[in-house]
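Participant: The structure's right below; bear with me while I get my questions together.
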Amino acid sequence: MIIQILLTLGLVVLIPYAYAQRATSRLIPVAMTTIGVVGLYFVWLPDHANDLAHLIGVGRGADLVLYCWILISLIVALNLHIVARSNLRLITELARHIALSDPQLPCGMSPPHSAGRTFDACARLGEK
């Protein structure tokens with residue numbers, strides 16, 4: 001009975017959090033709310049989880065919940081990996097753009113001669 005109360009509290013907190021995330025994405029709040037509602041259903045009616053597990057070919061309802069949790073966790077990890085790679089690609093593009101739009105040489109280095117122009121990096125930075 002204590003575990004049912006703790007799981008219920010956790011799942012009930014999940015639903016308003018999902019609602020708060022609606023501005024970020026459309027799919028995430030729907031998925032989180034669905035998981036919360038289905039989780040509450042199986043917490044309070046665990047025999048139904050056992051029946052569903054037997055129907056699918058899994059021994060127990062708890063095993064079915066564990067397998068679903070593992071699958072969801074792998075999907076979330078893959079999504080986070082894809083987002084992180086996308087962010088790194090964007091940061092690289094921004095750094096290239098900044099480097100090419102405002103090139104600066106460190107003090108003491110002289111650029112290669114180009115058509116008689118002179119360039120003093122230290123003077124540009126206000127250091128001499």
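Participant: Could you say whether any residue in the range 70-79 is touching a Phe, Trp or Tyr at 6+ places or on another chain (Cβ under 9 Å) and either farther than 17 Å from Met32 by Cα or at pLDDT below 95 (or both)?
Facilitator: Just the residues of the range 70-79 that are touching a Phe, Trp or Tyr at 6+ places or on another chain (Cβ under 9 Å), to begin with: none.
Scanning the range 70-79, I find no residue that is touching a Phe, Trp or Tyr at 6+ places or on another chain (Cβ under 9 Å) and either farther than 17 Å from Met32 by Cα or at pLDDT below 95 (or both), so the answer is no.
Participant: For the range 30-40, check the following and say yes or no: at least one residue is modelled with pLDDT of 90 or more and farther than 19 Å from Thr8 by Cα.
Facilitator: Within the range 30-40, not a single residue is modelled with pLDDT of 90 or more and farther than 19 Å from Thr8 by Cα.
Participant: Which residues, counting only those in the range 35-82, are small (Gly, Ala, Ser) and in contact with a His (Cβ under 8 Å, 6 or more places away or on another chain)?
Facilitator: Initially, the range 35-82 is screened for residues small (Gly, Ala, Ser), giving 36, 39, 49, 53, 57, 59, 61-62, 73, 77.
Gly61, the sole residue that qualifies.
Participant: Applying the selection to the range 58-86, what residues are farther than 18 Å from Leu40 by Cα and of a type in the set (D, E, K, R)? Walk me through it before giving the result.
Facilitator: If we filter the range 58-86 for residues that are farther than 18 Å from Leu40 by Cα, which is where we start, we get 58-59, 70-71, 73-86.
Correct list: Arg85 only.
Participant: Criterion first (loosely packed, with under 14 Cβ neighbours inside 10 Å, free of Cβ contacts under 8 Å to residues at least 12 places away in the same chain and among the small types (Gly, Ala, Ser)) does Ala20 satisfy it?
Facilitator: yes
Participant: Consider only pairs whose beta carbons are under 8 Å apart and that are at least six residues apart or on different chains; among these, list those whose first residue lies in the range 47-73 and is over 16 Å from Leu7 (Cα atoms) and whose second residue is of a type in the set (Phe, Trp, Tyr).
Facilitator: His48/Tyr41; His48/Phe42; Val58/Tyr67
Participant: Then there is this: Tell me the residue from Val58, Val43 that is modelled with pLDDT of 90 or more, crowded, with 18+ Cβ neighbours inside 10 Å, in a loop (DSSP other than H, G, I, E, B) and under 31 Å from the mean Cα position of the chain (by Cα), please.
Facilitator: On the way: Val43 fails: in a loop (DSSP other than H, G, I, E, B).
Sole residue among the options that is modelled with pLDDT of 90 or more, crowded, with 18+ Cβ neighbours inside 10 Å, in a loop (DSSP other than H, G, I, E, B) and under 31 Å from the mean Cα position of the chain (by Cα): Val58.
Participant: Further, regarding this structure: What is the one condition in (1) closer than 30 Å to Ile2 by Cβ; (2) in a helix (DSSP H, G or I); (3) more than 25 Å from the chain's Cα centre (by Cα) that Leu100 does not satisfy?
Facilitator: (1)
Participant: Let me ask something else about it. Does the range 78-96 contain any residue that is part of a helix (DSSP H, G or I), small (Gly, Ala, Ser) and either surrounded by fewer than 10 Cβ atoms within 10 Å (Cβ to Cβ) or touching a helix residue (DSSP H, G or I) at 6+ places or on another chain (Cβ under 6 Å) (or both)? Give the steps one after another, and end with the answer.
Facilitator: Initially, the range 78-96 is screened for residues part of a helix (DSSP H, G or I), giving 78-96.
Subset that is small (Gly, Ala, Ser): 84, 86, 95.
Remaining after also requiring either surrounded by fewer than 10 Cβ atoms within 10 Å (Cβ to Cβ) or touching a helix residue (DSSP H, G or I) at 6+ places or on another chain (Cβ under 6 Å) (or both): none.
No, because not a single residue in the range 78-96 is part of a helix (DSSP H, G or I), small (Gly, Ala, Ser) and either surrounded by fewer than 10 Cβ atoms within 10 Å (Cβ to Cβ) or touching a helix residue (DSSP H, G or I) at 6+ places or on another chain (Cβ under 6 Å) (or both).
The values are calculated or read from the model by the stated rules, or taken from the named source; none is laboratory data. Quick caveat: nothing in here was measured; it's all calculated off a predicted structure. All Cβ positions, even for glycine, are placed from backbone atoms using ideal geometry, and neighbour counts span all protein chains on display.
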